[in-house]
1. With label points built 7 Å along Cα→Cβ from the Cα atoms of residue 103 and residue 165, find their separation and express it in nm.
2. Can you show me the helix-derived [θ] at 222 nm for the chain, built from DSSP H runs with n ≥ 4 at -39,500 (n - 2.57) apiece and divided by the number of residues, rounded to the nearest 500.
3. Report, largest value first, the span of the C-alpha coordinates of the chain along each principal axis, in whole Å.
4. I need the GluC sites (Glu not before Pro) found in the stretch 96-143, filtered to DSSP loop residues with at most 16 other beta carbons within 10 Å of theirs.
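The numbers here are math on the coordinates, done by the rules we state, and not lab data. Computed from a predicted structure; not experimentally measured. Neighbour counts run over all protein chains shown; Cβ positions are idealised from the backbone, glycine included.
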Amino acid sequence: MNKTEKNALVAELSENFGRASIALISEYQGLTAGESDEMRRKLRAISGEFRVAKNTLVRRAIKDTSFAALDSHLGGPVGLILSYADPVELAKTVSSLKDLGAKFKLRGGVLDGRPLTAEEINALAELPPREVIFAQLLGLLQAPATRLARLLNEPGSALARLVDAIGRERGAAAPAAAAEA
């Protein structure tokens, strides 16, 4: 690989890091071509990608970016996993790759400039889907308004129940009075 190819690869990696929402570093030794293709297909399905590049070139690409914390995880043959969409979906997909066993291990990652350990990435994978979180948040936001509406409706409802009870009582008393007469 000559200098212009290296510079082009660093520029491409820098552009990819600029678009990425999360980046992970993994070990991938011993993966067969089929397993690697299957992993790449799963990652592409969620707007992610698996890249292999020299550690020095990755270090140049992440220098002075929010992904600079990845530097501590580089060394030896490592794979770079980037996601351009939902970080939780990437974490779930990567966690589903545990069936590869010792062939695929997470070293760590970076999310929004914050370094992540492999345990934190697994915890991220256990979060509910984005839609469920939004629904829970919406429920929390609507709960005070719902309680207020019930509170404001209660005096009118109580009055209506009272009038209904009086009407039933008088309605039941009228046939009894007619039967006595």
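1. 7.4
2. Details: 6 runs with 106 residues, N = 181.
Calculated mean residue ellipticity at 222 nm is -20000 deg cm²/dmol.
3. If we take the Cα atoms of the chain, the spans are 115, 34, 24 Å.
4. Numbers: sites: 119, 120, 126, 131; in loops: 126.
Within the stretch 96-143, the qualifying GluC sites (Glu not before Pro) (loop, at most 16 other Cβ atoms within 10 Å) are 126.
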